[in-house]
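**Q** Would you mind keeping the following structure in view while I ask a few things?
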Amino acid sequence: MLVVETVARIRRAHFVQGHSIGRIVRELKVSRNTVRRVIRSGVTEGQYRRKKLPRPKLGAWTTSLDRLLTENAAKPPRERLTLIRLFEALRGEGYTGSYDAVRRYARAQQREQGTGRPAAFVPLSFAPGEAYQFDWSHEIVVLDGVTTTVKVAHVRLCHSRMPFVRAYPRESQEMVFDAHERAFAFFHGACTRGIYDNMKTAVETVFIGRDRLFNRRFARMCSHYLVEPVACTPAAGWERARWRTKSGCCASGCSSRGCASRTTPR
């Protein structure tokens, strides 16, 4: 199979430098058919797909594996064996190959028969002005020639994913209040709900479930902006966006666009 660099050299030699096919063959040590195929097809990488995948050890055991897969599929869902258990059962019959070969064959059979486990997900969708997310990140910057670590506050609208980022020397509560004030001024309003991590400047006590005891001053700030604070479950990162600390943007969680944040008197 041709590597990307060789394909690129063939294309540049022909289309940019104007070399003939014979000269390209002599200089790059490739066949004429290869050069013609690259020039005529317009591909930028060589692709080779086997029409039939060889199975040197599993080939003689595909009948037994098909039987095990059929018997396993006929069982109730709670009684079905995992692929590793089927692999162990096949080894008990004398199979000496690897587990990966069995796994690839079983997955291919499931795709062909449509019996594989369907992909499922729960999309996160927010209405305009419904919620925002707040979190901190640590960034290393150079100030006046001195390398130092700063704390960066990230406020992101969940509907439009519009971000607000501001750096501070610390993560104190005064910095939290200042970040909210500047963010709401930037967004020209506040949302009805704020999603937070269980940071000490906001949450004093974490109870069972979603019950929290918020810091008194933090609760007063949320009351001033008419924001309902919501804290995530500890060690449950799927409940909010994952923050990219270098760019200050969330990688998931805010799937919709076009936010028009709710204007709230301050």
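Just so it is clear, none of the values below were taken in a lab; they were calculated from the coordinates. All figures in this text were calculated on a predicted structure; none of them were measured in a lab. Here the Cβ positions follow ideal geometry from the backbone for every residue, glycine too, while neighbour counts run over all protein chains shown.
**Q** Given the C-alpha atoms of segment 59-113, compute the convex hull and give its volume per residue in Å³.
**A** 78
**Q** Here's a follow-up. Would you calculate the separation in nanometres between label points at residue 104 and residue 150, each defined as 7 Å from the Cα along the Cα-to-beta-carbon direction?
**A** Computed distance between label sites residue 104 and residue 150 equals 5.1 nm.
**Q** Still on this structure, please answer the following. Run the numbers for residue 143 and residue 23: contour at 0.36 nm per residue of separation, minus the present Cα-Cα distance, in nm.
**A** 37.6 nm
**Q** Same structure again: Please list 3J(HN,Hα) in residue order for segment 201-206, calculated via the Karplus relation 6.51 cos²θ - 1.76 cosθ + 1.60 where θ = phi - 60°; whole Hz, with x for glycine and proline.
**A** Using θ = phi - 60°, the values come out as 6, 10, 10, 8, 9, 9 Hz.
**Q** Mind listing the long-range amide H neighbours of residue 168? Cut-off is under 5 Å, sequence gap 5 or more, other chains count too, H placed in the peptide plane at 1.01 Å from N.
**A** 151, 152, 153
**Q** Which whole-Hz ³J(HN,Hα) couplings does segment 129-142 yield from phi under the Karplus relation 6.51 cos²θ - 1.76 cosθ + 1.60, θ = phi - 60°, glycine and proline marked x?
**A** x, 6, 8, 9, 10, 10, 7, 10, 9, 9, 10, 9, 10, 10
**Q** I'd like the chymotrypsin sites (Phe, Trp or Tyr not before Pro) in segment 150-236 restricted to DSSP loop residues with at most 14 other Cβ atoms within 10 Å, sorted by number.
**A** Those satisfying the criteria are 207.
**Q** Give me the extension gain from residue 211 to residue 5: residue separation times 0.36 nm, minus the current Cα-Cα distance, reported in nm with one decimal.
**A** 68.4 nm
**Q** Arrange 146, 230 by Cβ neighbour counts within 10 Å, fewest through most, would you?
**A** 146, 230
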